[in-house]
Amino acid sequence: MPFLLYHGRSHPQSGRRLAAAIAAAVMAIAAVLLVPRPAAADTPWLTVSEDGYASFTVPVASVEAAVGSVSQIAVEGNFGPSFTWAEFGLTRRGDAWSGVLGPLKPGLYSYQVTGDDTKGLKDPTNSTVVASKPLWSTFFVAGDAARLLADAPQGQGGKVETLTYGAAGKALVWTPPGYTARRTYPVLFLQPGDGVRATDWLDLGRAKQIFDNLAIQRAMEPMVVVISDGGAAGGEELRKALADRYRVHRDPAHQAIAGVAEGGARALRAALTRPGRYAYAGSFSGLLTDVKADNRQVKLVRLYTGNVTDPAYNATIRLTKALDRARVGYEFDGVNPDAGANWNAWQENLIDFAPRLFRKVRDHGPSAGHGRLKGEFTPPAPGTTPTPFVTEDGFVTFETTTDFQNAQNVKVWANWAPNGSWLRVPMTRAGDRWRVTVGPLGPWFYYYRLIVDRTSVKDVSNPTKVTTEPTWSTFLVPGEQARLLTDVPAGQGGKVESLTYRSTVANQDRTALVWTPPGYDPDRAEPYPVFYLQHGGGQSYTDWVEMGRAKQILDHHFLDGNLVPMVVVMGNGNVPDFNRELLENLAPAAQDRYHVSSDPSQQALAGLSMGGGQTFGMLKANPGRFAYVAAFSAGFGSGAGVDAQAINNGTKLLRLYVGDQTDFVYPSFMTSLNTLNTLGIRYEFDGVTPGRTAGTCGRRTSSTSRRACSSAERDRPGALLALT
């Protein structure tokens, strides 16, 4: 659905309730696979920065010309945790749908553009193709970790040719640089999995680039590689055609076979049950669980698997036990912690496997960073609550109730993408429920909601709540990185209470939340300093506690000795005149109820996004009223009429925070720094926040786009961590 931006926070076009109205009009139609006509201009839909930020700008006119009018656009790609396929929603701004995702890890990414869940279209400005997926395009994020996936220098790589055999068989053949008919080469037969074509090894697996770079570095033995569609490897017609055209060995000592998923199972079965055929075998996420081994002359059997999101994880455990029983020697590359059953993992597998063929190697252990098999992964039984289920190593399993057994499309939408962006991950039907396991997620605090046939739905099995977003739930992945966001031991933290007061600005009774430190003494000689902490646009006084983890952060900082004992007041900033509301209503009410100082030198004010703008407004209108001031992802605005000297004289600390280029406030914020410099206002800048790990403030928005929300509203916890 289209979204607009209001006061630093993105909203549904007609408000939070619009989702229910739209749901009534959703059309359950089959996918429309259309490739649009070339764009009128050559402006790319996708640009990728050197540091891995992918910026998408999709013209509305191009979408409408291809698939008609749509209410939402998403970019589907391997962007999710463990490179799982996920949807990154774009936001409509004028005549284009846009969004920024990143930073992405170095590697190859594939994507397509989809409207309203069912209307897919190819990016006509991207010349890359995936032969087996006509709507897909790819892009490459360069980096040292992906150097073997990069194109080899011009003229230095090998060649890929098509080999025909039999009545209509075709295979792809890579020959190494300097291939000559004057020598005989060993052969690697490379298999795809079911539903995967041989061309995918080139389009998605980067096999040519991998072989080229390994060959140039002399990291692998010169060999001929044959890539055929499933089941063809080792077929006599193919082997004969290969020998007729290329100078290759035919003895088993010079034959190797490997494959992905079902292709990996076929490779192992062929190597272990067909004596005198292959000396080397590799299984990349293979699904074989048992095998009768008749070939004891196999020199190498090497197994590869992704993490628990890989269907081969449990299969690999069973296979290792079966091979042990059969007394068949094998090597295990270890569990890849960062990828599941996808081409990103299989590229790494090929990079590890190829150099082990037809030569002696010293290292027979797992790849660096890979772990051991810890036993089969089994999520809790259906109906177990509360959900989601979080493992110690950050894998999270979501499960719906039986209410959606007739749904056609169910997804989990959460802030688990790079930099805390929101991605939708499809769930899979499991009986009368839907399930998906996502991860590994780093230690942090996460927010999510279910999307059922394009309608936002609360996970009723999760007892957590977000008052201002009724369909949202939260969960915490524990770990040292998230220590300050976890609950302190019972009885050791401060207290959060409600403060009700009369607002003459809003002409109503209003509520604020107030944190008092452990050991708060209303009768102590000196009044406590007071810190007024404001939320962002579309939020309210509950958000800093429910989403920003303010209580946990303040509790930990106090117990760690990093916090001056103070009282923190979190008010409702949704008023037409914030300055009056704070000075005439909220602050006096806090001073009446709590033993807090009215001395400006003992008062602080900070806010995120809209609240940051309100903070700047207070600073301009009442310089010196608050000695400590901070703004999280907010612009200073115009410097007209600003008394810079009064601000400098009355402010002990002015500290500023902003997210990276995915923060839509970033341009105006940087302009603000120039304004402050020109005015001569002293400030501290925390530096550009790369994402939620350092954080600015906590993301909380209904927008489909990361860019349509400030980093202040993405990562509230981080800013408070830094400020306190």
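The values are calculated or read from the model by the stated rules, or taken from the named source; none is laboratory data. Predicted model, so just to flag it, every value in this text is computed and none were measured. Quick reminder, even Gly has a Cβ in these numbers, built from the backbone with ideal geometry, and neighbours come from all protein chains shown. Only protein heavy atoms, including side chains, enter the accessible area calculation; ligands, DNA and RNA are left aside. Shrake-Rupley method; radii C 1.70, N 1.55, O 1.52, S 1.80 Å.
For segment 490-517, give me each residue that is of a type outside the set (A, V, I, L, M, F, W, C), open to solvent by 30 Å² or more (accessible area, probe 1.4 Å) and within 25 Å of residue 555 (Cα to Cα). Those that are of a type outside the set (A, V, I, L, M, F, W, C), open to solvent by 30 Å² or more (accessible area, probe 1.4 Å) and within 25 Å of residue 555 (Cα to Cα): 491, 492, 495, 497, 498, 500, 511.
Do any helices (runs of 4 or more DSSP H) lying entirely in segment 562-676 carry at least 1 residues that are farther than 24 Å from residue 518 by Cα and touching a residue at least 24 places away in the same chain (Cβ under 8 Å), and which ones are they? Break it down into steps so the answer makes sense when it comes.
Working: elements: 587-593, 610-621, 644-650.
Once the helices (runs of 4 or more DSSP H) in segment 562-676 are filtered for at least 1 residues that are farther than 24 Å from residue 518 by Cα and touching a residue at least 24 places away in the same chain (Cβ under 8 Å), what remains is 610-621, 644-650.
Counting only residues that are modelled with pLDDT under 95 and under 29 Å from the mean Cα position of the chain (by Cα), segment 634-656 holds 2 of them. Taking segment 189-224 as the range and being over 29 Å from the mean Cα position of the chain (by Cα), of a type in the set (A, V, I, L, M) and closer than 25 Å to residue 144 by Cβ as the test, the residues that pass are 214, 215, 216, 219, 220. Assessment of segment 136-144 against the conditions (at negative phi and free of Cβ contacts under 8 Å to residues at least 24 places away in the same chain) yields no matching residue. If the condition is being in a loop (DSSP other than H, G, I, E, B), of a type in the set (Gly, Ala, Ser) and surrounded by fewer than 20 Cβ atoms within 10 Å (Cβ to Cβ), then segment 252-289 contributes only 276.
So, residue 662, is that one crowded, with 21+ Cβ neighbours inside 10 Å and of a type in the set (Ser, Thr, Tyr) or not?
Values: crowded, with 21+ Cβ neighbours inside 10 Å: yes; of a type in the set (Ser, Thr, Tyr): yes.
Yes; evaluated as a whole, the condition is true for this residue.
What do you reckon, is residue 326 at pLDDT below 95, among the small types (Gly, Ala, Ser), open to solvent by less than 40 Å² (accessible area, probe 1.4 Å) and over 23 Å from the mean Cα position of the chain (by Cα)?
Details: at pLDDT below 95: yes; among the small types (Gly, Ala, Ser): yes; open to solvent by less than 40 Å² (accessible area, probe 1.4 Å): yes; over 23 Å from the mean Cα position of the chain (by Cα): yes.
So residue 326 passes the test.
Go over the candidates 146, 152 one by one and state the one that is surrounded by fewer than 21 Cβ atoms within 10 Å (Cβ to Cβ), modelled with pLDDT of 95 or more, part of a helix (DSSP H, G or I) and of a type in the set (Gly, Ala, Ser).
Details: 152 fails: part of a helix (DSSP H, G or I).
The match here is 146.
Condition check for residue 228 on (1) among the hydroxyl-bearing types (Ser, Thr, Tyr); (2) at pLDDT below 95; (3) open to solvent by 30 Å² or more (accessible area, probe 1.4 Å): one failure, at (3).
As a summary of the residue check, residue 113 satisfies the conditions (1) surrounded by 13 or more Cβ atoms within 10 Å (Cβ to Cβ); (2) assigned to a loop (DSSP other than H, G, I, E, B) except for the one numbered (2). Name every residue in segment 383-404 that is loosely packed, with under 13 Cβ neighbours inside 10 Å and in contact with a strand residue (DSSP E or B) (Cβ under 7 Å, 6 or more places away or on another chain), in order of residue number. Once the filter is applied, which keeps residues that are loosely packed, with under 13 Cβ neighbours inside 10 Å and in contact with a strand residue (DSSP E or B) (Cβ under 7 Å, 6 or more places away or on another chain), segment 383-404 yields only 402. If you check 240, 292 for being open to solvent by 20 Å² or more (accessible area, probe 1.4 Å) and either outside any helix (DSSP H, G or I) or under 25 Å from residue 336 (Cα atoms) (or both), only one passes: 292. Of the residues that sit in segment 83-109 and are of a type in the set (Gly, Ala, Ser) and open to solvent by 10 Å² or more (accessible area, probe 1.4 Å), which one is nearest to residue 453 (Cα to Cα)? Filtering segment 83-109 for residues that are of a type in the set (Gly, Ala, Ser) and open to solvent by 10 Å² or more (accessible area, probe 1.4 Å), the one nearest to residue 453 (Cα to Cα) comes out as 98.
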